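First the structure, in the form of structure tokens, and then the observations on it.
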Amino acid sequence: MKTVHDVLRRTPVWVNPEHTIETAIILMRGHDVGGLPVMCGGALVGLITYRHVLGADPKATVGDVMSPATEGLSPSASVREAAAAMALAKVDRMPVMEGGRLVGVVTHGDLVSELGRSFDPLTSLSWADS
């Protein structure tokens with residue numbers, strides 16, 4: 001089965017807690033992503049998504065509205081393990097960390113197409129061709 005590293009699609013883009021919400025919106029639109037990791041001094045401190053910025057003052061800071069950081073996924077985790085971790089945390093995106101360094105963000109959308117190809121969702125058994 002593929003790993004999280006195999007489904008990461010782009011170089012990570014992030015904001016820091018002092019950035020304005022307006023800056024986060026510009027970055028999300030420009031990079032066509034629904035959320036951004038929030039980094040401070042090289043450490044992951046949170047996540048900001050479109051849900052956080054809807055109706056918020058554009059001049060407020062990211063730190064005012066972000067969700068605290070969830071535990072990041074390892075790039076070597078299987079797609080199935082990543083989906084289970086996201087379901088357990090009840091989130092639709094998770095940061096991918098390697099050695100304390102942000103390497104990307106994985107979303108449900110990144111995982112769903114791969115999960116559909118890898119195993120039968122009814123039985124959880126691998127397809128014969130995998």
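The values are calculated or read from the model by the stated rules, or taken from the named source; none is laboratory data. The shown structure was predicted, so the numbers you read here are calculated from the model rather than taken from an experiment. Counting neighbours? That spans all protein chains shown, and the Cβs are built from the backbone with ideal geometry, glycine included. Ligands, DNA and RNA are excluded from the accessible area calculation, which covers all protein heavy atoms including side chains. Shrake-Rupley method; radii C 1.70, N 1.55, O 1.52, S 1.80 Å.
Between residues in the range 5-31 that are within 18 Å of ASP110 (Cα to Cα) and residues that are open to solvent by 40 Å² or more (accessible area, probe 1.4 Å) and outside any helix (DSSP H, G or I), which pairs lie under 7 Å by C-beta distance while being six or more apart or on different chains?
Close Cβ pairs (under 7 Å, with a partner that is open to solvent by 40 Å² or more (accessible area, probe 1.4 Å) and outside any helix (DSSP H, G or I)) amount to HIS5/SER76.
Being open to solvent by 70 Å² or more (accessible area, probe 1.4 Å) and not in a helix (DSSP H, G or I) is the filter here; which residues of the range 15-37 pass it? Let's see the steps before the verdict.
First pass over the range 15-37, keeping only residues open to solvent by 70 Å² or more (accessible area, probe 1.4 Å): 18, 22, 26, 29, 31-32.
Within the range 15-37, GLU18, ASP32 qualify.
Name the residue that is surrounded by the most Cβ atoms within 10 Å (Cβ to Cβ), counting only residues in the range 40-61 that are part of a loop (DSSP other than H, G, I, E, B) and out of contact with any Gly (no Cβ under 9 Å at 6 or more places or on another chain).
Filtering the range 40-61 down to residues part of a loop (DSSP other than H, G, I, E, B) leaves 41-42, 54-60.
Filter again for out of contact with any Gly (no Cβ under 9 Å at 6 or more places or on another chain), leaving 41, 54-60.
Numbers: GLY41: 6, LEU54: 10, GLY55: 7, ALA56: 18, ASP57: 12, PRO58: 12, LYS59: 8, ALA60: 13.
Looking at the filtered set, the residue picked out is ALA56.
Would you say VAL112 is modelled with pLDDT under 95 and buried (at least 18 other Cβ atoms within 10 Å of the Cβ)? Steps first, please.
Numbers: modelled with pLDDT under 95: yes; buried (at least 18 other Cβ atoms within 10 Å of the Cβ): no.
It is false that VAL112 is modelled with pLDDT under 95 and buried (at least 18 other Cβ atoms within 10 Å of the Cβ).
In the list ARG80, ARG93, ARG9, which residue meets the criterion of being open to solvent by less than 60 Å² (accessible area, probe 1.4 Å) and either among the acidic types (Asp, Glu) or within 30 Å of LEU125 (Cβ to Cβ) (or both)?
Numbers: ARG80 fails: open to solvent by less than 60 Å² (accessible area, probe 1.4 Å); ARG9 fails: open to solvent by less than 60 Å² (accessible area, probe 1.4 Å).
After ruling out the rest, the residue left standing is ARG93.
Select from the range 63-100 the residues that are of a type in the set (Val, Ile, Thr) and either outside any helix (DSSP H, G or I) or in contact (Cβ under 8 Å) with a residue 60 or more places away in the chain (or both) and write down the one among them that is farthest from LEU36 (Cα to Cα).
This residue is VAL79.
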